[in-house]
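The values are calculated or read from the model by the stated rules, or taken from the named source; none is laboratory data. In this text, all values refer to a predicted model and were calculated from it rather than measured experimentally. Note that each Cβ is placed from the backbone with ideal geometry, even for glycine, and that neighbours are counted across all protein chains shown. Protein only, heavy atoms only, side chains kept; ligands, DNA and RNA dropped before computing areas. Shrake-Rupley method; radii C 1.70, N 1.55, O 1.52, S 1.80 Å.
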Amino acid sequence: MLTEKEIMKLQNGSDVRGIAVDGVFGEAVNLTEEAVGRITGGFVEFLAEKLSKPKNKLKIAIGHDSRISAQKLKSAAISALLANGVEVLDCGLASTPAMFMSIIFAETKSDGSIMLTASHLPFNRNGMKFFTMSGGLDKDDIKKVLTNATKILEVPTAKGDVTKFDLIGLYSKHLCKIIRDKLNIGEKPLEGMHIVVDAGNGGGGFFANKVLQPLGADTSGSQFLEPDGHFPNHIPNPEDSKAMSAIRQAVLENHADLGLIFDTDVDRMSAVLSNGEEVNRNALIAMMAAILAPDYPGSTIVTDSVTSDGLQKFLEGTLKLKHHRFKRGYKNVINECIRLNQSGTVSPLAIETSGHGALSENYYLDDGAYLAVKLLTAAAQARQNGKDLADLIEKLEQPIESVEYRLKIDAEDFKGFGEKVLLAFKNNAVQKNIKLAEPNFEGVRLIFDEGWALLRVSLHDPNMPLNIESNVKGGCKKICAQINELLTGVYPNLPIG
């Protein structure tokens, strides 16, 4: 029986994550079938209390990505659901956004949903994401679910009838309808367009054959669409350079108009234009903001903390929007976007450089496929007008150099140690008359002649990420030298870089 500490340790911010299968030296399995069963029971308790509804009146949908541990963990979760008298909707291979939509769709109308995924993490990992009508659970909600799980001292198991449902088919039709309605030029509005998809052997292959093809697009050259939890070709991660190189090569070799790449559970997306230009990180944020700007003039775009000054200049100077640079963490930017809208500030988009992007018009759901839909409609409209999608971000200034270091922390209380480092780092910067970025919501951001640097404490890991960007060649090295001076006597493992 897993201890309380072992259960609580599975929390990873607003998700549950752990090691689900053997195969990596030194990484023992901790997301066991027992753990999944107890945590599922904890979610049932949480949902019943939230909805003031008896457990045996609940309907919960469950789906998974392509991981090799998916089936055994799903079986454990379903067994726990049935033992609690819950009506179960087995959605099979699905995407994280689709699992939220199982609550929205009239055909499914579940009370809550569970997605088994660990996003882009290695094959031996897995995890659990939970949804209610309010969206994905927050950090405090996950803590409550896990606390409930620790009180379940015997894993309830049961067999019973489970309804299987093709959720990804329904979700695909939903996306197709959005594109057809927006373009309003018939059943095949993407006819004549050549679009390649790279699913990285995750769960995103459906987008090629169930969305693009029915809309008339040529998808030849698409790759790694078959689900394979060993991820044999590359990590399904739009932030990974190898993954982006793979989709870029596919676009250029096939002379495609556009390339789309998704992470394992399709809540993130990046793209490649016909000329091989990568649309990720700052460029993806700029592109989505440019697409939304005509419908939301003067609105506020919420981003994470590591976005560039060039992006801010583009958002505020070119698009006449407001840039609200907030904290890292997709739930942080989403919740801030919700807060702004509720306070009367129009904010249509919350987006991280990682590729997590949520629109207010889409339930504040971080949905890579929905981002792709917005991109496709913009690309089709540009084509109709004899323009190019790249025109939307031609004025975006990219940094000449950028680098990220991760400063390891050996202290047991790594967050406490990190906060002390940040305080001393900030005080030293003030003494040397180095400009502080204001307002600033995470870590310490410093402004230099060459560019900027941001030092912060990692959300989950014992390290301090240091991001540096420069607008001149050799600038990162100069900034790093000054950072080393500011950290002398403060952080033990110097020099950095």
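General remarks:
- For the pair region 170-212 / region 76-113, the C-alpha centres are spaced 24 Å from each other.
- Loop chymotrypsin sites (Phe, Trp or Tyr not before Pro), region 289-385 (other Cβ atoms within 10 Å of the site Cβ: 13 or fewer; DSSP): none
- Sparse-neighbour loop sites [trypsin sites (Lys or Arg not before Pro); region 424-497; at most 13 other C-beta within 10 Å; DSSP]: Lys432, Lys473
- Summary of the geometry: region 458-482 and region 121-138, compared by the centres of their Cα atoms, lie 30 Å apart.
- Here the Kirkwood formula, the inverse mean of 1/r across different C-alpha pairs, assigns region 419-497 a hydrodynamic radius of 12.8 Å.
- Ligands, DNA and RNA excluded, the heavy atoms of Met1 present near 130 Å² of accessible surface to a 1.4 Å solvent probe.
- The local environment of Asp240, defined by Cβ-Cβ distances under 14 Å, has a net charge of -1 under the rule Lys, Arg +1 and Asp, Glu -1.
- Rg ratio for region 219-334: its Cα radius of gyration over 2.2 N^0.38 Å, N being its residue count, equals 1.17.
- Of the peptides 196-209, 60-73, 78-91, 235-248, the ranking by mean beta-carbon count within 10 Å, highest at the top, reads 196-209, 60-73, 78-91, 235-248.
- Average accessible surface area per residue within the chain, 1.4 Å rolling probe, Å²: 42
- Considering only alpha-carbon pairs that sit under 8 angstrom and 6 or more positions apart, the relative contact order computed for region 267-377 is 32 percent.
- Cα shape, region 159-246, gyration tensor, a/c 1.5 rule: oblate
- Environment charge of Met193, counting only residues whose C-beta is closer than 9 Å and scoring Lys/Arg +1, Asp/Glu -1: -2
- Largest to smallest accessible area among His230, His255, His323 [probe 1.4 Å]: His255, His230, His323
- Whole-Å distance, taken between Cα centres, linking region 302-334 and region 1-73: 34
- Shape call, the chain: gyration tensor on alpha carbons, a/c limit 1.5: oblate
- Trypsin sites (Lys or Arg not before Pro) restricted to region 293-380 and DSSP loop, no more than 16 other C-beta within 10 Å: Lys320
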